[in-house]
1. For residues in the range 76-95 being in contact with a Leu (Cβ under 7 Å, 6 or more places away or on another chain) and in a loop (DSSP other than H, G, I, E, B), which is farthest from residue 34 (Cα to Cα)?
2. Go through the range 182-214 and report how many residues are closer than 30 Å to residue 283 by Cβ and either in a helix (DSSP H, G or I) or at pLDDT below 95 (or both).
3. When you look at residue 80, is it under 18 Å from residue 127 (Cα atoms) and at pLDDT 95 or above, yes or no?
4. Does residue 18 satisfy the condition of being at pLDDT 95 or above and not in a strand (DSSP E or B)?
5. Out of 124, 107, 111, which single residue is within 23 Å of residue 341 (Cα to Cα) and either in contact with a Phe, Trp or Tyr (Cβ under 6 Å, 6 or more places away or on another chain) or not in a loop (DSSP other than H, G, I, E, B) (or both)?
6. Mind checking which residues of the range 393-418 are crowded, with 23+ Cβ neighbours inside 10 Å and within 20 Å of residue 343 (Cα to Cα)?
7. Residue check: is residue 50 in a loop (DSSP other than H, G, I, E, B) and under 30 Å from residue 363 (Cα atoms)?
Amino acid sequence: MALKITVIGTGYLGATHAAAMAELGFEVMGLDIDPAKIEMLERGETPMFEPGLEQLLRAHVAGIEGASGRLRFTTSWEELADFGDVHFLCVNTPQKHGEYACDMSYVESAVESLAPLLRRPALVVGKSTVPVGSAARLARRVAELAPAGEDVELAWNPEFLREGFAVQDTLHPDRIVIGVDGGRAEEVLREVYARPVAEGSPFVVADFPTAELVKTSANSFLATKISFINAMAEVCEAAGGDVVKLAEAIGHDERIGKKFLRAGIGFGGGCLPKDIRAFMARAGELGADQALTFLREVDSINMRRRGHMVELTREAVGGSFLGTRVAVLGATFKPDSDDVRDSPALNVAGQIHLQGAQVTVYDPKGMANAARVFPTLGYADTALEAVRGADVVLHLTEWREFRELDPAALAEVVSTPRILDGRNALDPDVWRKAGWTYRALGRPQA
């Protein structure tokens, strides 16, 4: 009999995973404790912007004309437990307030709600990013609570979704990692992921601790690479070098590679910052804190970039923000997303506003979320309106729309044609030929 799958938590990870599992041919039920979110998903609408996700939902949500009907949603734990053979935990693990450590309360609450209702054989699969050691602890708790006893197993299957590519990354993953402790878990998950494995996705089987460490290790490596090139940008500015050419040259070394070597205002979002901090905190608990002390400098370099952009902007407007107009292109932490969590772009805009400038922001998808975080900033409906009357323009999120802007048209409406490229993504020659003073992080001034 075909496996039935449930997904607990229908945020960014859960909604994507549920829709993808339905696309792979499974009967799927998603659960969330927020009725409004469930109602939205049942209409085929997503609570966040992610390219391709709404189309995937509408292809499968029961009740939508023309859909497969393989995807349903509920707020009932009892209905979920009765329905599913494989239960994916996709709830959030944010950073604790005032600490580096990870907040496990949502994961633990999900286990406490689900396990007592599991009266027949089932597999509980964690996808959330958790501190190493969590899976073994949660497996013991599931065994204590589940009426089906040893017939309920736990596995850990970390997610590696990139915002903006989440649908692709779920349907065609570059690797599938599972942490198991014997039993049938591996066999069941091979059935779940049979199609991507047949298409060539590597299937890596590990123990619990190794599987838990994969996601935090990967994110720590990426964060280190980003902060490395940003540190080189600082050196380039001091020495008169060009970090873009430097990155190009070292990127040709196949041991290094070109990806994640674009200097700018640093990383943000809901994963990298909190994951490396939680990793440091957990290493300290394990007595291995010295192994990850380098991540403190990675984090420090990253946060320093935001302050540096603020200072470059202050310098560009003559030393004081009072009475100046600053246009900010970008609010999300990356393009093709509406996510403003720990966004460097929005952080820079907020700092400049708090220091006296009139700041106007435009972002193709993140305006509503940005306005909730910083309601006192100004917001415009287009890039042209955002830059109108500006003394300086900041390019802080590398949306394609911004790369395709007409610098000549923008020059006609600004107060001063001056742009600071915080992502090293614009063509300096094009902007300078249109009359702009162009400056980017880690590059010499023309």
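The values are calculated or read from the model by the stated rules, or taken from the named source; none is laboratory data. Note that the structure is a prediction, hence the values are computed from the model and not measured. Methodologically, a virtual Cβ is constructed for each residue, glycine included, from the backbone with ideal geometry; neighbour enumeration extends over all protein chains shown.
1. Just the residues of the range 76-95 that are in contact with a Leu (Cβ under 7 Å, 6 or more places away or on another chain), to begin with: 77-78, 80-81, 85-87, 90.
Filter once more, keeping what is in a loop (DSSP other than H, G, I, E, B): 85, 90.
On the way: 85: 23, 90: 14 Å.
Among them, the one singled out is 85.
2. Residues flagged as closer than 30 Å to residue 283 by Cβ and either in a helix (DSSP H, G or I) or at pLDDT below 95 (or both) within the range 182-214 amount to 12.
3. Taking the combined requirement at face value, the residue satisfies it.
4. Working: at pLDDT 95 or above: yes; not in a strand (DSSP E or B): yes.
Taking the combined requirement at face value, the residue satisfies it.
5. Details: 124 fails: within 23 Å of residue 341 (Cα to Cα); 111 fails: within 23 Å of residue 341 (Cα to Cα).
Result: 107 is the single residue among 124, 107, 111 that is within 23 Å of residue 341 (Cα to Cα) and either in contact with a Phe, Trp or Tyr (Cβ under 6 Å, 6 or more places away or on another chain) or not in a loop (DSSP other than H, G, I, E, B) (or both).
6. Passing the criteria: 393, 394, 395, 396, 397, 399.
7. Values: in a loop (DSSP other than H, G, I, E, B): yes; under 30 Å from residue 363 (Cα atoms): yes.
When the stated conditions are applied, residue 50 passes them.
Quick grid of which residues meet (1) within 23 Å of residue 270 (Cα to Cα); (2) crowded, with 22+ Cβ neighbours inside 10 Å; (3) in the same structural domain as residue 271 (by TED's automatic domain parsing):
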position	(1), (2), (3)
140	no, no, no
144	no, no, no
149	no, no, no
162	yes, no, no
167	yes, no, no
176	yes, no, no
180	no, yes, no
196	no, no, no
